[in-house]
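The values are calculated or read from the model by the stated rules, or taken from the named source; none is laboratory data. The model shown is predicted, which means the values in this text are computed figures rather than measured ones. Reconstructed Cβ throughout: ideal geometry from the backbone, glycine too, with neighbour counts over all protein chains shown.
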Amino acid sequence: IWGMDFGDCHKSLFAHDDSVTGLSFVPKTHYLFTSGKDGKVKEWDGDNFQKIVTLQGHAGESWNCAVSPNGMFVASCGSDKVVRLYERSMEPLVLEDEAEEEREKMENELATGETSAVPGQKQQVLPSKKTVNTEKAAELILECLDISREYNEELAKVVPPAAPPPLPLLMQAMNCKTTDEYLVETLKRVRAGEMEETLLLLPFSAACEILKTLPKLLQKEYQAEMLCRVAISLIQAHYGPIVAGSDLVPVLEEVRNLAKKRIEELRDTIGYNLHGMAFIQREIEEKEGVQLFRDATKSRKQKNKIRKNKEKALKRAFMAL
């Protein structure tokens, strides 16, 4: 929220769990409505920067919202192909009660509770928080592993002259030709900030299945950075059972070697691109006699130095008087 007098930012609101898709002010007031890809429409007070009410209107993403000229109605549309119309009621709202109800509702929706601990191990303290989205993401990963296992079993039973079995519907929907691509696409759909919490919800058997698949994925040069992060999170979460059994030791050694190789390739690529861009920058600056980029911190330090010198000069003048 920006001020029109000095153009400064008064407040930044974390409005939705996903991208904000629409914003509309109530005419002649400082109240505003926002819509987001999390499917919610929220009303805010622009004076004290507090949320007034949350409207659970759409089954999918909420794409936009609009307020009537008299401020009595709010309309929203979304990916569920529905237009919702809300009417303002005369019932008074208590912000503390609304916030408490939302908090209780979120706690009740968590099927596995708020703890982030693997059975038999110490609870991990993570910067992220378990949400309904992390539980849904864990369910999608488990579903992916089940479908991939069943498809591989059917594929192994096929005699070479015969046609392979048809791809599962979910693999077709994600445009995946193999189970490896299906697993990578499923992991890519998990938000980066929710990856650790999602992997903590997986049972040990599912973690072992993913770890055994990682060498093939790293060899095919899929999302190396994401796969390394998945491997580290799973090993940290299930370190005890992994060390107790010797089945995964060869797999982890292979994952370590392949991950090191892929990370070195990424580092070399970044270094090559960085030096290439620096070379192009120098050529342009020499040819046109202009400086494309300059260090903003240097000018800032120079301004601070001049300001401090002026302050010292004023202090000396006062002392002389």
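Here are some notes:
- Selected residue (only one of LYS308, LYS260 is assigned to a helix (DSSP H, G or I), of a type outside the set (Gly, Ala, Ser), modelled with pLDDT of 80 or more and in the same structural domain as ILE235 (by the TED database)): LYS260
- Qualifying residue in the stretch 148-164 (condition: at pLDDT 90 or above and either of a type in the set (Lys, Arg) or under 15 Å from the mean Cα position of the chain (by Cα) (or both)): yes
- Members of the stretch 147-172 that are more than 21 Å from MET226 (Cβ to Cβ) and hydrophobic (A, V, I, L, M, F, W, C): LEU155, ALA156, VAL158, VAL159, ALA162, ALA163, LEU167, LEU169
- Annotation note: Cβ proximity below 7 Å between a residue of the stretch 11-31 that is closer than 19 Å to TYR86 by Cα and modelled with pLDDT under 85 and a residue that is surrounded by 14 or more Cβ atoms within 10 Å (Cβ to Cβ) and aliphatic (A, V, I, L, M) (sequence gap 6+ or interchain) occurs for no pair.
- Matching helices (runs of 4 or more DSSP H) fully within the stretch 177-222 where at least 3 residues are modelled with pLDDT of 90 or more and over 23 Å from the mean Cα position of the chain (by Cα): 204-219
- Condition met for ALA231 (more than 28 Å from PRO165 (Cα to Cα) and at pLDDT 90 or above): yes
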